[in-house]
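The values are calculated or read from the model by the stated rules, or taken from the named source; none is laboratory data. Every value quoted in this text rests on a predicted model; they were computed, and no experiment measured them. Positions of Cβ are backbone-derived with ideal geometry, glycine not excepted, and every protein chain shown enters the neighbour counts. The accessibility values were calculated without ligands, DNA or RNA, using every heavy atom of the protein model including side chains. Shrake-Rupley method; radii C 1.70, N 1.55, O 1.52, S 1.80 Å.
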Amino acid sequence: MTKELFILKLHEIGAVKFGEFTLKSGLKSPFYFDLRDMISYPELLTGIAGLLAEDIKNSDFDYVSGVPYTALPVATLISDITNKPLIYIRKEEKAYGTKNPVIGKFEKGKKVLIIDDLITTGESLIETAEKFKNEGLKVTDFSVIIDRSNNIAKKLEKQGYNIRSLIGLNEILKILKANGKISSGQISEIKNFVNNINKKEKKESNIENRLTKLLKEKIKTKKSNLVLSLDVDNRKDFFDILDKTAKHIVMLKTHIDILNDFNAEFISKLKKYAKKYDFLIFEDRKFADIGNTVRKQYSGGIYKIKDWAHFVTVHAVAGEGILRGLFNDVENRSSFLLAKMSSKGNLMNETYTRKVFEIGEKYAGIVSGYICHGNSKEELQKLKNKIPNGQLMLMPGVKLQTGTDATGQQYTTVEEAMQGGADCIIVGRGIIEAENPEATAKEYRKRAWKIYEKKVESS
Ligand code: 5BU
C-alpha cells in the first residue's frame with residue numbers, strides 16, 4: 001500500500017469528514033479525521049501497519065504500544081512484524097490503588113515506543129507516556145499515522161519526545177485536491193484553523209452574565225481570590241469568624257443546612273455583613289434533581305436560598321433541564337457547575353467534565369463557571385484550557401500544605417491552584433480551624449493574589 005492509496009481509501013470509507021467538530025481539547029475544528037473504522041478494512045489495517053513498521057525500523061525500543069482504541073490493533077500488527085512485545089495502558093480509569101494501569105508483561109527500565117493514529121495537541125500521547133513512566137518504563141519515541149497539528153514536534157521535543165509521523169496534513173490535502181476530493185476553499189479554511197490552533201483562539205461568549213462580571217470586578221477591586229467556606233454549625237461561631245475574615249474574602253460560601261440554629265434573622269444579618277464588607281454570597285447547595293423539584297428547593301423550604309445567595313452550585317448530572325428549572329424567571333442569580341470534584345475517587349471522568357463545560361457554555365447567562373479540582377497545576381491547567389472563555393474556575397480542596405482528610409478530601413496548595421489557573425480558591429478548614437483565622441485568611445488571600453496579579457498584568 002502507498003500513502004496516496006491509503007489516504008484515498010480513508011476518504012472513501014468516510015474517515016475524513018468536513019463540518020464542525022469539537023475536539024477532545026474543546027477546540028472546534030472544520031474537519032475531523034476519524035480513523036476508527038479503518039480496523040474493519042483488513043487491507044487498510046495491514047497496509048498501514050506495514051508502512052509504519054518500515055518507518056520505525058531504525059528506532060530503538062523494547063516494547064511497542066498503541067493508544068487505545070484505534071491504534072491498538074495497528075500496534076498489534078506492528079508487534080508481529082517487528083517481533084517486539086506489545087504492552088498498553090488500560091483505557092478505563094484505574095480504580096484507585098488496585099489495578100495496574102499497564103496491560104501486558106514488562107521489565108522496568110526498558111523502552112516503549114507508542115503508536116497513535118492521529119496527533120493534534122499531543123495530549124493523549126503525553127498522558128500515555130506519563131503513565132508508562134510512572135510504572136518505571138522509558139518513553140522517548142512516538143510514531144503516528146497522521147500529524148494534523150501545527151508543528152507539534154517542536155513542543156514535544158521540549159518535553160523530551162521524538163515524534164515520527166507518516167503523513168502530514170498538507171500532504172493529505174494535496175492528495176485529496178489532486179484527486180478532486182476537496183475544494184480550494186475547504187483547504188484554506190482548514191489551513192486557517194491549523195495556523196490558529198496553538199493560539200487557542202476560543203471565541204468570547206457573547207451571553208451577558210451580570211453576576212460573572214460582578215465577581216470578576218470584585219476580585220480586582222478587593223484584590224482577593226479567596227472564597228471562605230464557613231462550615232460551622234452555629235450562628236455565634238459563624239459571625240465570630242466572619243468578623244475576623246470578611247475583609248479578606250471576595251465571596252462567602254455557605255452550607256446553610258449545617259447550621260443548628262438557623263433563623264430568618266441570620267439571613268438579614270448575613271446580608272448586612274455582605275454589604276458592609278463587600279463580598280458575594282454563594283450557597284454550596286449542589287442541586288441535583290429534576291427541574292421541577294430543584295425549583296421548589298431553591299425558592300422554598302425554610303432557607304429560601306434564592307432570596308439571598310448570588311450563586312449556587314449545581315450538578316449537571318441531571319441534564320440541562322435542572323438549569324431551566326432553577327433559573328427560569330429568576331433574575332440576578334447565577335451558578336457554578338461541578339466539573340471535577342476534590343474528593344478522591346469521585347466519578348467525574350474526562351467525558352463527564354467535558355459535557356459539563358458544554359452545558360455551561362450554552363447557559364453562560366446563568367452559569368458563571370465551574371468547580372474544578374486538580375492535584376497539580378498541570379492537571380488544573382488542562383481543565384482550565386477547556387473552560388469556555390469568560391467563565392470562571394473555582395477550586396476547593398486548598399490548604400497551605402498538600403494532604404488528604406479522613407474521608408478523602410484532597411488538598412492542593414494555594415500556589416498550585418493559582419498557577420493552574422484558578423480564579424478563586426475555596427478554603428474551609430484551612431482557615432476556620434486555624435489558631436488565628438484572621439491572620440490565616442490574610443495569608444491565603446496574599447498568596448493567591450500575588451500569583452493572580454502577575455497573571456493579570458502579563459495578559
Ligand atoms: P475544606 O474544609 O477546605 O475541605 O472545605 C471545602 C469546602 O468546599 C466544603 O464546604 C466542601 O463541601 C466544598 N467542596 C469541596 O470541598 N469539594 C468539591 O468538589 C466541592 C465542594 Br463541589
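Please pick out the residue among GLU189, GLU208, GLU204, GLU217 that is of a type outside the set (A, V, I, L, M), open to solvent by 40 Å² or more (accessible area, probe 1.4 Å) and either farther than 30 Å from PRO30 by Cα or at pLDDT 95 or above (or both).
Exactly one of GLU189, GLU208, GLU204, GLU217 is of a type outside the set (A, V, I, L, M), open to solvent by 40 Å² or more (accessible area, probe 1.4 Å) and either farther than 30 Å from PRO30 by Cα or at pLDDT 95 or above (or both), namely GLU217.
Looking only at segment 137-146, count how many residues are surrounded by fewer than 23 Cβ atoms within 10 Å (Cβ to Cβ) and either modelled with pLDDT under 95 or of a type in the set (A, V, I, L, M) (or both).
Of the residues in segment 137-146, 2 are surrounded by fewer than 23 Cβ atoms within 10 Å (Cβ to Cβ) and either modelled with pLDDT under 95 or of a type in the set (A, V, I, L, M) (or both).
Test LEU338 against the criterion of being within 30 Å of LYS269 (Cα to Cα) and in a helix (DSSP H, G or I), and give yes or no.
Spelling it out, it is not the case that LEU338 is within 30 Å of LYS269 (Cα to Cα) and in a helix (DSSP H, G or I).
Based on this model, can you work out whether ALA75 counts as aliphatic (A, V, I, L, M), in the same structural domain as ASP147 (by TED's automatic domain parsing) and within 30 Å of ASN195 (Cβ to Cβ)?
no
Please name all residue pairs, on different chains or six or more residues apart, with Cβ atoms under 7 Å, provided the first residue is in segment 394-406 and is more than 28 Å from SER368 (Cβ to Cβ) and among the β-branched types (Val, Ile, Thr) and the second residue is at pLDDT 95 or above and assigned to a strand (DSSP E or B).
THR404/GLN410; THR404/TYR411
Across segment 27-67, which residue is modelled with the lowest pLDDT among those that are surrounded by fewer than 18 Cβ atoms within 10 Å (Cβ to Cβ) and assigned to a loop (DSSP other than H, G, I, E, B)?
Among those residues, the one meeting the criterion is ASP34.
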